[in-house]
1. What percent do you get for the relative contact order of the chain when only Cα pairs under 8 Å and 6+ apart count?
2. What FRET efficiency, computed as 1/(1 + (r/R0)^6) with R0 = 45 Å and r the Cβ-Cβ distance, is obtained for VAL106 and GLN14, rounded to the nearest 0.05?
3. Let's test the formula: R0 of 41 Å, r as the Cβ-Cβ distance of ARG192 and ILE263. What FRET efficiency results, to the nearest 0.05?
4. Check each of the trypsin sites (Lys or Arg not before Pro) in the stretch 169-218 and keep only those in coil by DSSP with at most 15 other C-beta atoms within 10 angstrom; list them in order.
5. For a paramagnetic label modelled at 7 Å from the Cα of GLU22 toward its Cβ, which residues of the stretch 60-91 fall within the zone defined by backbone nitrogen distances under 18 Å?
6. Ratio of the chain's C-alpha Rg to 2.2 N^0.38 Å, to two decimals?
7. Over the chain, give the accessible area per residue in Å² for a 1.4 Å probe, as an integer.
8. If amide H atoms are built 1.01 Å from N in the plane of the peptide, which residues on other chains or at least 5 residues away come under 5 Å of the amide H of VAL233?
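The values are calculated or read from the model by the stated rules, or taken from the named source; none is laboratory data. The shown structure was predicted, so the numbers you read here are calculated from the model rather than taken from an experiment. Here the Cβ positions follow ideal geometry from the backbone for every residue, glycine too, while neighbour counts run over all protein chains shown. Note: accessible area is taken over every heavy atom of the protein model, side chains too, but ligands, DNA and RNA are not part of it. Shrake-Rupley method; radii C 1.70, N 1.55, O 1.52, S 1.80 Å.
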Amino acid sequence: AKAKGRNTYHFYSQELDAAANERLFIESELRLAIKARQFVIYYQPQVDSRTQHVVGYEVLIRWFHPTEGMIPPNKFIPIAEATGLIVELGTWVLQEACEFAARLAVQGRENNISINLSARQFKDAKLVPLLASIIKKTRVPAKCLHLELTESMLMGNVEAAIAQLHQLKALGVSISIDDFGTGYSSLSYLKRFPVDILKVDHSFVKDIPDDPNDMEITAAIIAMAQKLKLNVVAEGVETIEQVEFLQNNNCFIVQGYYYSEPIAESELSSLFEKLNDR
Ligand code: C2E
Ligand code: CA
Ligand code: CA
Ligand code: CA
């Protein structure tokens, strides 16, 4: 048992070393990656299931590293957040997203563009003037921009969060609560925040129609959101059964592999063909 214990320790310690090394590697590479243009923005369509037309996109960053290949955001966003590099990276994302929105507007597609904000970005006093200047420069209609925040980002200093939300909304943008239902907030609490959209988290959608609990929760979130006059977007929708369940519960805007994975801008025209959205 002793030997096994030692082996187990050894095993975990090697794993920890590997994780720490990976972290250090990502941290040092991140600093170079923006300048080296290793990031690309992918867009995942949000589709109105009644018409099958694209109504918006979520902006999702991708890192194509020259030797490591694609490094998923879950691996590097937390590190960028911890080191503060997220502010520079997030500024780049905002800029790219608004340029994309402006290109779409030229084609007559005034779609919503949902952008993920990190906690640091949201708390940054420079966020509002930065966004104001990007909106002005790119001439994107501010009403097209949806900023996605998570519940936990609003907790902590509630008064400061409410003030920041009001300043952002004064620019004309909308506020969306991401991963809704996975955080700590209650819907009554949410009423205090000037938010516009709830995104029903993938974890509730993924086991529909097999898990009756998840179906109850999803239906309840949609119903309560409607009472609070909030729009609802369902995330991680992968099957026609899920689309139909959501429709039956009055949620029509869906995002997920059923319609499309996140794609590069160059792939958009074939998506429009597929959805017969012209
Ligand atoms: P998120 O904001 O919850 O984004 C949705 C994630 O679900 C994306 O993962 C997307 O590719 C994935 N997804 C979409 N449809 C489906 C589906 O039908 N099934 C399943 N299983 N997954 C689906 P991704 O792109 O790997 O991003 C992971 C997380 O990284 C995001 O979660 C977000 O928190 C963060 N992230 C991505 N881009 C940015 C960014 O530009 N800034 C910040 N701050 N965070 C970002
Ligand atoms: Ca999101
Ligand atoms: Ca989400
Ligand atoms: Ca999620």
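1. On the way: 407 pairs, mean separation 48.4, N = 278.
Over the chain, the number comes to 17 percent.
2. Working: r = 54 Å, r/R0 = 1.19.
E between VAL106 and GLN14, to the nearest 0.05, is 0.25.
3. Numbers: r = 37 Å, r/R0 = 0.90.
So the FRET efficiency works out to roughly 0.65.
4. Numbers: sites: LYS169, LYS191, ARG192, LYS199, LYS206; in loops: LYS191, ARG192, LYS206.
Those that pass, being in a loop and sparsely packed, are LYS191, ARG192.
5. In the stretch 60-91, the label zone of GLU22 (backbone N under 18 Å from the point 7 Å along Cα→Cβ) covers 62-83.
6. Details: Rg = 20.2 Å, N = 278, 2.2 N^0.38 = 18.7 Å.
Cα Rg divided by the expected 2.2 N^0.38 Å: 1.08.
7. Values: 14420 Å² over 278 residues.
Solvent-accessible surface per residue comes out at 52 Å².
8. LEU198, LYS199, VAL200
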